[in-house]
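Undergrad: Structure below; questions to follow.
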């Protein structure tokens with residue numbers, strides 16, 4: 001499989017990664033090599049095989065619906081790049 | 001003072017031959033003097049370590065006993081440590097001080113361990129050479145021109161150079177076992193779900209598993225006793241009674257059936273590594289083990305399946321680094337999109353970006369069936385290969401890596417070649433099985449690793465086989481001359 005720089009830019013947009021033109025070219029080559037490599041999966045005989053999500057096929061544990069967490073907003077917001085009055089600051093979203 | 005093993009130090013602490021403070025200072029001084037040669041630590045926590053050592057000495061003086069009481073250890077910098085920077089080897093988390101401890105850290109602290117610092121690693125655990133770290137590569141203490149393996153290369157190199165008696169690692173596709181092999185130490189990846197992932201920064205959640213790295217199997221057993229156990233804060237943690245992994249170390253190997261997968265001894269295996277592994281297997285035979293040739297027919301699909309599953313989960317897990325709540329934020333963002341895309345582009349290195357991109361692509365609309373779903377089906381084929389094998393044998397053995405530690409820069413320009421250095425380790429992660437690597441010999445000065453793969457929950461057996469091997473051989477006791 002051969003990815004173009006334009007496809008790389010589309011994937012980068014979905015992944016929210018800024019890439020410049022030079023990077024996009026390098027990524028197109030590297031990702032194409034990796035996708036060629038994983039093409040080997042097409043040779044697998046997987047007819048009727050169920051996908052495996054958990055090695056031990058464990059099920060999601062449920063707990064009683066009780067409050068277990070205390071409010072630690074200040075502790076967690078302490079490590080944020082920009083907060084004010086208990087909210088995270090980002091560039092203006094709504095004009 | 002002669003350097004001892006973790007278990008040896010434990011006995012000497014309890015006998016009062018040395019204090020935890022003296023022991024901690026001994027290793028802190030070694031780190032200060034010798035780590036500049038190998039770059040295995042990202043952060044050294046001298047003050048906290050000495051305070052913890054003093055606290056341990058008081059507990060020892062009161063006659064208290066705890067599995068790791070007073071023993072120096074290092075944490076891979078992927079485990080969150082409250083009040084101490086947790087970088088995960090990334091610029092993204094260069095200034096991140098975790099607001100809480102990972103379960104593993106909490107458990108080890110409660111067991112009395114004295115943390116000396118945080119070890120270097122491939123960025124977000126993505127790499128097989130430690131060259132992707134934001135803090136520069138770790139160098140192999142046996143040969144500074146060669147890589148220590150990755151991603152837990154800092155832990156492996158630090159233990160090999162005896163800068164710390166034991167350290168934690170994590171293993172998503174071989175990240176404990178491959179560096180253990182390259183550095184000549186013993187490392188164990190437990191059964192998926194044995195060791196809590198809470199506070200262990202996520203890479204690929206269905207594969208990630210923490211485990212011990214140390215100079216011997218006995219030391220790994222001691223570490224695992226403190227690390228393992230059910231944790232309600234990890235939704236995939238296994239609800240099983242606690243085990244004493246040191247209990248079965250002394251069992252003899254008479255009648256033990258060892259499976260040798262023919263796919264692990266094929267053309268890709270370096271002749272020197274093959275010879276060293278065969279010599280090691282002969283030692284196990286002399287101790288009563290019976291070799292059985294087996295086949296794991298879908299082995300060649302494991303690396304391709306992994307490079308769909310792991311990047312897919314990575315792209316989803318790493319979406320949280322958005323420059324808003326924690327981690328790196330770019331300067332003067334124009335708008336919200338610019339904030340996201342530039343913070344992430346600046347914070348992540350090249351390999352992490354590649355994997356996020358692969359994962360994003362295979363999970364994008366229209367491609368799910370062709371990639372992720374197919375890889376998850378192949379994953380079951382691989383797990384079924386092992387299930388059938390374990391009907392015939394007790395453990396599986398083979399090389400940990402196809403070749404000796406490679407040179408810095410040798411594979412960094414070719415991701416696929418780098419990925420193939422995990423060809424023998426990845427299948428155990430896909431199947432969720434425990435795997436161990438131990439020093440099995442040397443070629444020149446370079447160590448060779450023997451891998452053991454066990455059935456689910458059979459860590460005790462792997463440690464037993466490795467311990468018996470280490471009773472007979474001295475490979476695990478060797479240390480690089482420059483660090484003696």
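Rule-based calculations on the coordinates, nothing more; no lab input. All figures in this text were calculated on a predicted structure; none of them were measured in a lab. Glycine also receives a Cβ, built like all others from the backbone with ideal geometry; neighbour counts cover every protein chain displayed.
Undergrad: In nm, give the distance between the simple-model label positions of residue B:267 and residue B:319, each being 7 Å from the Cα along the Cα-to-Cβ direction.
TA: The two pseudo-label positions are separated by 4.2 nm.
Undergrad: Let me ask another. Under 8 Å for C-alpha pairs, at least 6 residues apart: give me the relative contact order for chain B, rounded to a whole percent.
TA: Relative contact order of chain B: 18 percent.
Undergrad: Let me ask something additional. From other protein chains only, count the Cβ atoms within 10 Å of every residue's Cβ in B:350-359, then give the mean.
TA: Working: counts 4, 1, 1, 7, 5, 1, 6, 12, 7, 2.
That works out to 5 on average.
Undergrad: Looking at the square roots a ≥ b ≥ c of the eigenvalues of the Cα gyration tensor of region B:143-250, which shape do they give, rounded for a/c under 1.5, prolate if a/b is larger than b/c, or oblate?
TA: Taking the square roots of the gyration eigenvalues as a ≥ b ≥ c, region B:143-250 is oblate.
Undergrad: Among B:309, B:303, A:90, rank each residue by its count of other Cβ atoms within 10 Å, from fewest to most, as a rough exposure measure. Mind dumping the intermediate values first?
TA: On the way: B:309 28, B:303 23, A:90 17.
Result, fewest neighbours first: A:90, B:303, B:309.
Undergrad: Could you tell me whether region B:369-409 comes out rounded, prolate or oblate from its Cα gyration tensor? Rule is a ≥ b ≥ c as square roots of the eigenvalues, rounded for a/c under 1.5, then prolate if a/b exceeds b/c, otherwise oblate.
TA: Here region B:369-409 falls in the oblate category.
Undergrad: A follow-up question, please. Please list, by residue number, everything in region B:149-170 whose backbone N is under 17 Å from a paramagnetic label point 7 Å out along Cα→Cβ of residue B:26.
TA: Answer for this model: B:159-167.
Undergrad: Say R0 is 22 Å: what FRET efficiency, to the nearest 0.05, do residue B:392 and residue B:287 get from their beta-carbon distance?
TA: 0.65
Undergrad: Apply 1/(1 + (r/R0)^6) to the Cβ-Cβ distance of residue A:4 and residue B:17, taking R0 = 45 Å, and write down the FRET efficiency to the nearest 0.05.
TA: 0.10
Undergrad: Related question: Using helices alone, I'd like the mean residue ellipticity at 222 nm for the protein assembly as shown: each DSSP H run of four-plus residues gives -39500 (n - 2.57), total over residue count, nearest 500. If you can, show how the numbers build up before the last one.
TA: Numbers: 18 runs with 209 residues, N = 579.
Theoretical 222 nm ellipticity from helices: -11000 deg cm²/dmol.
Undergrad: Does anything in region B:102-125 have its amide N under 16 Å from the 7 Å Cα→Cβ label point of residue B:64, and if so which residues?
TA: Residues passing the 16 Å test: B:106-115.
Undergrad: Moving to a separate point now. In nm, what is the difference between 0.36 nm times the number of residues separating residue B:2 and residue B:295 and their Cα-Cα distance? Let's see the in-between values first.
TA: Working: separation 293, 0.36 × 293 = 105.48 nm, distance 4.48 nm.
Full-extension gain reported as 101.0 nm.
Undergrad: What average number of partner chain Cβ atoms lie no more than 10 Å from the Cβ of the residues making up B:192-201?
TA: Numbers: counts 4, 4, 0, 0, 0, 0, 0, 0, 0, 0.
Averaged over the peptide's residues, the number is 1.
Undergrad: If we count other beta carbons within 10 Å of each Cβ, what is the order of B:377, B:118, fewest first?
TA: B:377, B:118
Undergrad: If a/c stays under 1.5 just call it rounded; otherwise compare a/b with b/c (prolate if a/b is bigger, oblate if not). Do that for the protein assembly as shown, with a ≥ b ≥ c from the square roots of the Cα gyration tensor eigenvalues.
TA: oblate
Undergrad: If you take each beta carbon of peptide A:38-50 and count the beta carbons of other chains within 10 angstrom, what is the mean?
TA: 6
Undergrad: If you average the alpha carbon positions of region B:380-401 and of region A:80-95, how far apart do those two centres end up, in angstrom?
TA: 52
Undergrad: Tell me, B:78, B:38, B:443 in order of fewest to most beta-carbon neighbours within 10 Å?
TA: B:443, B:38, B:78
Undergrad: If you don't mind, there's one more thing I want to ask. How much of the pair distance distribution for region B:302-375 lies past 18 Å, counting alpha-carbon pairs only, in percent? Walk me through the numbers before you get to the answer.
TA: On the way: 1185 of 2701 pairs.
Of all Cα-Cα pairs in region B:302-375, 44 percent lie more than 18 Å apart.
Undergrad: With a 10 Å radius around each residue's Cβ, average the other Cβ atoms per peptide and rank B:386-398, B:172-184, highest first.
TA: The peptides rank, most packed first, as B:172-184, B:386-398.
Undergrad: In whole Å, largest first, what are the principal axis extents of the Cα atoms in chain B?
TA: Result for chain B: principal-axis Cα extents of 64, 53, 44 Å.
Undergrad: In whole Å, how far is the Cα centre of region B:241-276 from that of region B:78-108?
TA: 34
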